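Below: the structure, in structure tokens.
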Amino acid sequence: MKHYGQLYIDGQWVAPVQPGTRELIDPTTEDAWATVVSGGGAAEVDLAVAAARRAFRSFSRTSVEERIALIDRIIAAYERREADLSQLIAQEVGVPVGFRAQVTGPAGHMRVARDVLRGYAFERQLHDTIVRREPIGVCALISPWNWPIQTSVIKVIYGIAAGCTMVLKPSDASPASGVVLAEIMDEAGTPPGVFNLVIGKGSVVGEALSRHPDVDLISFTGSTGAGIRVGEAAAQTVKRVSLELGGKSANIVLRDADLKHAASWNIQRGFSNTGQSCHAPSRMLVHESQVEEVLGHLQDEIGRMRIGDPRDPTTTHGPLVHAQQYDSVQRHIQIGLDEGGRLVTGGLGRIEGFNRGFFCQPTVLSGVTRDMTLAREEIFGPVLVVMPYRDEDEALEIANDSIFGLGGYVFSGDRKRGYEFSCGLRAGRISFNGANTNSFTPMGGYKQSGIGRSMGVFGLEEYLEIKSIYGFEDEAHQLPEV
């Protein structure tokens, strides 16, 4: 059995102060497949933050060219491990090996960060003043299990592009992915202290990082409840907080839309990663006269899903991450039925033929109204609610009636109408007619879906402070205007 028994601090693999291990459970078989160190705590956080603080003195002064060269080495080291990572996350969190975006996407994000860095102006002229953007300092990065590699990579690579140093805490559910990322950073020759890895419970390691006086920024991706706790702890030392939190994204299908395309896309996007995505379109708003037609299309698309062992290349959908998540999804389905939702397909219990593993039936409920629990709470599983609307004003009102505002989706046969409707949605990312997002543009949410943005220029600037230096009007001809 594999054992992940060390942390990565100041360029060295070290054992935790407090010994202890715990098992990692394969969500497909429910068997233990590895053990991981469980002793990471406040002492290790102090060591890692101190290493990052020492490294910041020199790394913050590196040239753009030096940081680009480091990013190129990280990309090369990462791509040599892609096949390993694909197998690892299949076993660790149940992501199908056929879902290549989970492992190929990070290299693309790194290239975008490198190219943004290459063209970014860290100094600009504003009247008689030089406005500088400088690395913010030591960054605590807390990543989730549902995109265990990509989310960590995005946080790490933009921190490095900015000239920051960092401590990464991977999710308790995907610590092995964090260890492999540390191996990649080590292989790439990342200077000691620039990147550090501490494994441990969120309530211990995450809390210590959030409160630490020598951490200048904390970047957290996870649930809204956990993000609130991070923000409260970080406020004690008035550090910058960047949060990407929960979502309950609506897909609004206007009456002139291609209903079959909208329904097929909703299942493909909403149930990918077994529905464990904060951007998942988990509320589908359909005109009351078109609901029954849409339901038929949804069932057809679910019938095309291939659920099974994530290590099988033909599998499209694997299990939920662990028993707690499976139980949570089952509880939500039961609540939906108890509150009057009509079961269209799926439902409670295991999928027929699956006696082991945390496999959940792909489920659709109709007749759901905005006051029901399933219309308001993030389920994080393959569960879709279909909600009727009378007119577009009501559709917009229902879509915005949420504490969340991470993503939104609009389908219409009229581009102008679709754009106008998209502008009315209170969410950070809107996709029209299933358009793909990209890594050049900012990702983040409105309301309780978060604070700040990641990716592209906006993501880089999360890791930068702004300084005004007055009395240098003579330099105006040398620097670009703001």
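Every read-out reported here was derived from the displayed coordinates using simple, explicitly stated rules and does not represent laboratory data. Here the structure is a predicted model, which is why all the values come from computation and not from measurement. As a convention, Cβ positions derive from the backbone with ideal geometry for all residues, glycine included, and neighbour counts pool all protein chains shown.
Karplus-derived 3J(HN,Hα) values for segment 132-144, using 6.51 cos²θ - 1.76 cosθ + 1.60 with θ = phi - 60°, are 9, 10, 10, x, 6, x, 7, 10, 9, 10, 10, 10, x Hz; glycine and proline are entered as x. Over all other residues within a Cβ to Cβ distance under 11 Å of E232, the charged ones net out to +1, with Lys and Arg as +1 and Asp and Glu as -1. Gap in Å between the Cα centre of segment 1-74 and the Cα centre of segment 261-312? Segment 261-312 and segment 1-74 have Cα centres spaced 37 Å from each other. Straightening the chain between E30 and S468 buys 152.0 nm, computed as 0.36 nm per residue apart minus the Cα-Cα spacing. Put simply, the amide H of I252, placed in the peptide plane, has neighbours under 5 Å in L285, Y409, V410, F411, leaving out anything fewer than 5 places away on its chain.
With Kirkwood's inverse mean 1/r over C-alpha pairs for Rh, give me the Rg to Rh ratio of segment 393-440, two decimals please.
Checking Rg against Rh, the ratio lands at 0.96.
The largest-to-smallest principal axis extents of the Cα set in segment 83-203 are 58, 31, 26 Å.
Give me the net charge of L365's neighbourhood, meaning all other residues with Cβ under 12 Å from the Cβ of L365; Lys, Arg count +1, Asp, Glu -1.
With Lys, Arg at +1 and Asp, Glu at -1, the net is 0.
Between R255 and L126, the simple label model (points 7 Å from Cα in the Cβ direction) yields a spacing of 4.9 nm. By the rule of a C-alpha distance below 26 Å, with chain neighbours fewer than 8 residues away ignored, the lysines paired with K467 are K155, K239. So the label point goes 7 Å from the Cα of E420 along Cα→C-beta, right? Which residues of segment 381-395 then have their backbone N under 20 Å from it? Under 20 Å, as judged by backbone N against the label point of E420, lie 389-395 of segment 381-395. Projected onto its three principal axes, the C-alpha set of segment 1-83 covers 48, 34, 17 Å, listed from the longest axis down. Derived scalar couplings between HN and Hα for segment 277-283 equal 9, 5, 8, 4, x, 9, 10 Hz in order, rounded to whole Hz, by the Karplus curve 6.51 cos²θ - 1.76 cosθ + 1.60 (θ = phi - 60°), x for Gly and Pro.
Each listed q (0.14, 0.16, 0.22 Å⁻¹) maps to a log10 I(q)/I(0) for segment 342-482 from the Debye sum over equal C-alpha point scatterers, namely -0.88, -1.04, -1.36.
Compute the Rg to Rh ratio over segment 109-179 from the alpha carbon atoms, using the Kirkwood formula for Rh, and round to two decimal places.
Reported Rg/Rh, Kirkwood definition of Rh: 1.11.
Within the shell defined by Cβ-Cβ distances under 15 Å, the residues around E465 carry a net charge of +2, with Lys and Arg each +1 and Asp and Glu each -1. Model label points for E23 and F440, set 7 angstrom from Cα along the Cα-to-Cβ axis, are 4.9 nm apart.
Whole-percent P(r), the chain, all Cα pairs, 20 Å bins from 0: 24, 54, 21, 1. The phi torsions of segment 254-261, fed into the Karplus equation with coefficients 6.51, -1.76 and 1.60 and a -60° offset, translate into couplings of 6, 4, 8, 6, 7, 5, 5, 5 Hz, rounded to whole numbers, with Gly and Pro shown as x. Could you state, as a whole-number percent, how many of the C-alpha pairs of segment 289-397 are farther apart than 25 Å? When every Cα pair of segment 289-397 is considered, 25 percent fall beyond 25 Å. Pairs of C-alpha atoms in segment 81-131 farther apart than 13 Å represent 68 percent of all such pairs.
Only helices enter this figure: runs of n ≥ 4 DSSP H residues, each worth -39500 (n - 2.57), summed and divided by the residues of the chain, yield -11000 deg cm²/dmol at 222 nm to the nearest 500.
A Stokes-Einstein calculation at 37 °C with viscosity 0.692 mPa s, built on the Kirkwood radius of segment 249-432 over Cα pairs, returns a diffusion coefficient of 200 µm²/s.
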